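Structure, as structure tokens:
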Amino acid sequence: MTSDKKRILIMGCGAAGMAAAYALGQHPEKFEVNIWDKNSLAGGVATSEHIDGPGELMINDGVQGGCPTYRNTLSLMAEFGFSGTPVKMMISFGKGPTAWTNYTKTELTDKLKLEIKRFGETLRLINKLEFFFIFVPIKQVLKWFGYSQTFCHEMVYPLTALFFGTGNQTPNVSAAIVARVFLDDDLRLFDYDSESMLSQSPEMFAFPLLKDMYQTIIGKLSATFHSNRPVASVTRRNGKVYAVDANGVEEVFDEIIFACDAETVLKVLKEPTYMEKKALKNVRYYNDVTITHEDDEYMEKYYELHKDIDQYFIRTDPNDPSKLEMSFNLSNYQPHLKVSSRNIYQTIFLDDTTKQIWTIDDIDKGKIRFTRWWRQFSHTWQHFAFTVPFMRYLQGKNHTWYCGSYTLINTHEIAVISGFATAFRLGAKYPFPKDKLAKKQFDQYLLVIHGKPSKLGFNMATVKSIALAPVMVIFAGLALFIQFILKCFN
């Protein structure tokens with residue numbers, strides 16, 4: 001007897017793959033869902049890890065939390081009985097004369113008060129002309145408008161790196177994305193302060209133990225989860241998808257959802273199309289390493305250390321101010337660590353091509369509790385010029401779909417939305433239509449990355465968004481030409 005169900009393979013079980021599996025799983029009569037993941041546990045980069053040292057402590061690694069506007073993430077968590085723990089966002093930038101925070105005025109904010117006030121006006125201009133500035137790096141805008149190197153390196157770049165995890169590629173981040181941090185109703189974390197830039201400690205949420213959350217979700221999905229089963233190759237022919245695992249076992253599917261990074265897609269996909277190669281190769285990845293440690297002396301040496309308050313610490317390298325290092329006090333973020341008298345820190349060293357400037361060797365090796373390497377993509381302006389506008393032209397071609405945060409912006413929320421959007425395109429219902437903000441975010445992503453209006457609503461904004469894609473491509477080419485001219489004269 002032949003089944004009428006579509007047989008779907010999801011490659012990867014991080015936030016995007018899990019969300020796609022959840023939405024598809026609401027229709028067991030329509031879909032047979034299989035998930036192949038190279039890891040033993042679901043969650044992708046979002047893991048919980050036991051750390052060395054006295055006692056039995058576990059930390060959340062890879063993802064710490066989010067803001068209350070992460071409505072799709074929070075709604076999915078609630079479906080399985082989980083919720084975030086409220087925390088206040090407390091940040092310490094720089095050290096000594098370059099120190100500033102989001103909760104006190106400092107010598108630096110007083111010194112730069114005129115530029116701070118003017119930058120608010122620049123952000124509004126960028127936001128108004130977003131269709132152009134999406135293709136211009138923030139470093140170029142700051143240069144055009146005559147901002148000082150101190151303002152750029154000690155305030156704008158560290159703040160951008162904090163929000164988007166862009167590391168040492170921060171100067172190349174799209175200016176429009178920086179503006180959205182302050183002006184977009186859905187993305188905004190802070191109201192811009194014309195005197196001190198930041199003057200609020202907004203409420204965030206911390207995830208529960210990620211291991212428990214992801215294992216609970218995967219155990220209740222209407223999908224078959226194959227752990228420790230990496231995909232070796234994917235071939236598309238005769239209207240079917242043929243996937244071979246690392247042991248040489250081949251299975252046939254009607255559709256495949258790549259819920260993994262772009263590099264892995266190109267590694268396993270046989271005969272990718274010209275558009276797939278161009279769009280996916282443009283996603284730029286860098287090697288970073290996170291050191292989890294308990295070295296108070298290291299933290300005091302390089303940061304303004306307020307042990308009982310701050311969660312985030314960011315410093316600019318004094319010898320190369322375009323480079324950054326970031327640290328976290330996990331004990332002030334993760335609720336299950338607050339009962340411990342220990343301060344558990346994480347320090348992130350960005351882009352191993354610049355490791356000669358890392359301060360990693362200054363961390364007491366006897367106080368290191370866990371080490372993890374990453375492949376991290378960066379939000380350069382080229383990402384918004386030559387990957388994002390073209391993703392809609394890849395979706396569904398040759399029975400192939402793409403989701404994951406790299407398709408737009410590197411946040412857990414975008415990863416979740418991307419999984420829902422892919423499932424929706426395959427015929428699943430969007431799971432949270434009653435949450436207006438969650439639905440709005442989903443609709444916007446669906447328009448930008450799939451070029452399709454949601455059946456939940458259709459208006460002139462939808463028409464404009466769909467029509468804008470060819471215009472974005474033209475402006476991308478124009479922006480590239482402008483960058484070339486600027487390089488010639490610099």
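Considering only Thr422, Ile59, His293, the residue lying farthest towards the positive end of the dipole of the chain is Thr422, judged by Cα position with unit charges set on Cβ.
Each Lys and Arg adds +1 at its Cβ and each Asp and Glu adds -1 at its Cβ; summed about the Cα centre, the chain shows a dipole of about 1920 debye. Rounded to the nearest 10 degrees, the angle from helix 436-445 to the longest Cα principal axis of the chain is 80 degrees. Calculated mean residue ellipticity at 222 nm for the chain: -10000 deg cm²/dmol, from DSSP H runs with n ≥ 4 weighted as -39500 (n - 2.57), summed, divided by the residue count and rounded to 500. Placing unit charges on each Cβ (+1 for Lys and Arg, -1 for Asp and Glu) gives the chain a dipole about its Cα centre, and among Asn410, Ala161, His383 the Cα reaching farthest toward its positive end belongs to His383.
Here the 3J(HN,Hα) profile of region 333-343, calculated from phi with Karplus coefficients 6.51, -1.76 and 1.60 at θ = phi - 60°, is 10, 7, x, 6, 8, 5, 6, 8, 7, 8, 9 Hz, Gly and Pro shown as x. In this view, the solvent-accessible surface of Leu280, computed with a 1.4 Å probe and all protein chains in place, comes to about 0 Å². Along region 206-222 the Karplus relation, 6.51 cos²θ - 1.76 cosθ + 1.60 evaluated at θ = phi - 60°, assigns HN-Hα couplings of 9, 5, x, 4, 4, 4, 5, 5, 5, 5, 5, 5, 5, x, 10, 7, 8 Hz to successive residues, with x for each Gly and Pro.
A cut-off of 5 Å between modelled amide H atoms, ignoring neighbours fewer than 5 places along the same chain, links Met204 with Val87, Lys88, Met89.
Around the Cα centre of region 222-340, unit charges on the Cβ atoms of Lys, Arg, Asp and Glu (plus for the first two, minus for the last two) sum to a dipole of about 840 debye. Across region 169-261, Cα pairs under 8 Å and at least six residues apart give a relative contact order of 11 percent.
Simple rule: put +1 on each Lys or Arg Cβ and -1 on each Asp or Glu Cβ in region 192-327, find the dipole, and look at Phe253, Ser194, Pro230; the Cα lying farthest toward the positive end is Phe253. Quick one: net charge around Asn282, please, counting Lys, Arg +1 and Asp, Glu -1 for every other residue with C-beta under 14 Å from its C-beta. Value of the local net charge: +1.
Counting only Cβ charges, +1 for Lys and Arg and -1 for Asp and Glu, the dipole size of region 1-147 around its Cα centre is about 880 debye. Excluding the site residues themselves, the longest part of the chain lacking any GluC sites (Glu not before Pro) in a DSSP loop with at most 14 other Cβ atoms within 10 Å is 196-490. In the chain, what % of DSSP beta bridges are antiparallel (nearest 5)? For the chain, the DSSP antiparallel bridge percentage is about 70.
Using a probe of 1.4 Å on the protein chains alone, the accessible area found for Arg237 is around 100 Å².
The values are calculated or read from the model by the stated rules, or taken from the named source; none is laboratory data. All values derive from a computational prediction rather than experimental measurement. Quick reminder, even Gly has a Cβ in these numbers, built from the backbone with ideal geometry, and neighbours come from all protein chains shown. With ligands, DNA and RNA removed, areas are computed over all heavy atoms of the protein, side chains included. Shrake-Rupley method; radii C 1.70, N 1.55, O 1.52, S 1.80 Å.
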